[in-house]
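Participant: Sharing a structure here in structure tokens format.
The values are calculated or read from the model by the stated rules, or taken from the named source; none is laboratory data. Every value quoted in this text rests on a predicted model; they were computed, and no experiment measured them. Don't worry about glycine lacking a Cβ; one is built from the backbone with ideal geometry, like all the others, and counts go over all protein chains shown.
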Amino acid sequence: MTDINLDINSEDNVLIDSFKNGNRNAFNLLVRKYQKRIYMVIRKMVLDHDDADDITQEVFIKLYRSIVDFRGDSKFFTYLYKIAVNYSLNHLNRNKKILPRKSEFDEKLEDHSYTNASGADEIIDEKDRSVVLRKAIESLPEQQRAVFVMRYYDNLSYEEISKILNKSVGGMKANYFHALKKIGTCLKNNKLFESLNS
């Protein structure tokens, strides 16, 4: 199959077979097709843009080296998603003792005084809500964070999550339950979150 017959909307198996047959452009089309989606999967887990960008590149390098082993037993995106989750978990495990980059939330605490209620009302906005939620997710252990992201944001079934992480379905349900409980407690105890809902 020639390049002229391929585009970003071509079926995954067509692009994969074409790449296996020596068409490098087919791989570039796969990257263009899935790069943004994979980046978002990773970003929701590692939370930092620069880290997510680096890991996304690593995922596609891994894909380039391993795609010849893809047999089509699962959907291609599921295969790629699993690589992204595993690389994200490895990154979190490697860096859990390293202080995270300063967040926008931390910078606002330094720049503004929240002791003045009227001033706080002017500062707090929708962006702050997402920052507080981000801090709550950041507090989760790595596996709970992964399960929460896959279930809450990506709406994967527990069966899909268990296959991606190679864990039992019951274990994934327990992880999600504990993640929800911890996030709820974290948000409830956060004074900024309380002021957002007052």
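Participant: In region 136-152, how many are aliphatic (A, V, I, L, M) and either in a loop (DSSP other than H, G, I, E, B) or surrounded by fewer than 19 Cβ atoms within 10 Å (Cβ to Cβ) (or both)?
Facilitator: Total meeting the criteria: 1.
Participant: Test ILE61 against the stated conditions and say whether it is out of contact with any Lys or Arg (no Cβ under 9 Å at 6 or more places or on another chain) and either of a type in the set (Val, Ile, Thr) or within 19 Å of GLN144 (Cα to Cα) (or both).
Facilitator: Yes; evaluated as a whole, the condition is true for this residue.
Participant: Among the helices (runs of 4 or more DSSP H) confined wholly to region 8-79, which include 3 or more residues that are closer than 19 Å to ASP154 by Cα?
Facilitator: So the answer is 24-46, 49-66.
Participant: For region 48-73, name all the residues that are exposed (fewer than 15 other Cβ atoms within 10 Å of the Cβ) and either among the small types (Gly, Ala, Ser) or in contact with a helix residue (DSSP H, G or I) (Cβ under 8 Å, 6 or more places away or on another chain) (or both).
Facilitator: HIS49, ASP53, TYR64, SER66, VAL68, GLY72
Participant: Inspect region 75-87 for any residue being among the small types (Gly, Ala, Ser) and modelled with pLDDT under 95 and give the result as yes or no.
Facilitator: no
Participant: Looking at ASN155 and the list (1) modelled with pLDDT under 80; (2) loosely packed, with under 15 Cβ neighbours inside 10 Å; (3) of a type in the set (S, T, N, Q), which single condition is not satisfied?
Facilitator: Tallying (1) modelled with pLDDT under 80; (2) loosely packed, with under 15 Cβ neighbours inside 10 Å; (3) of a type in the set (S, T, N, Q), ASN155 fails exactly one: (1).
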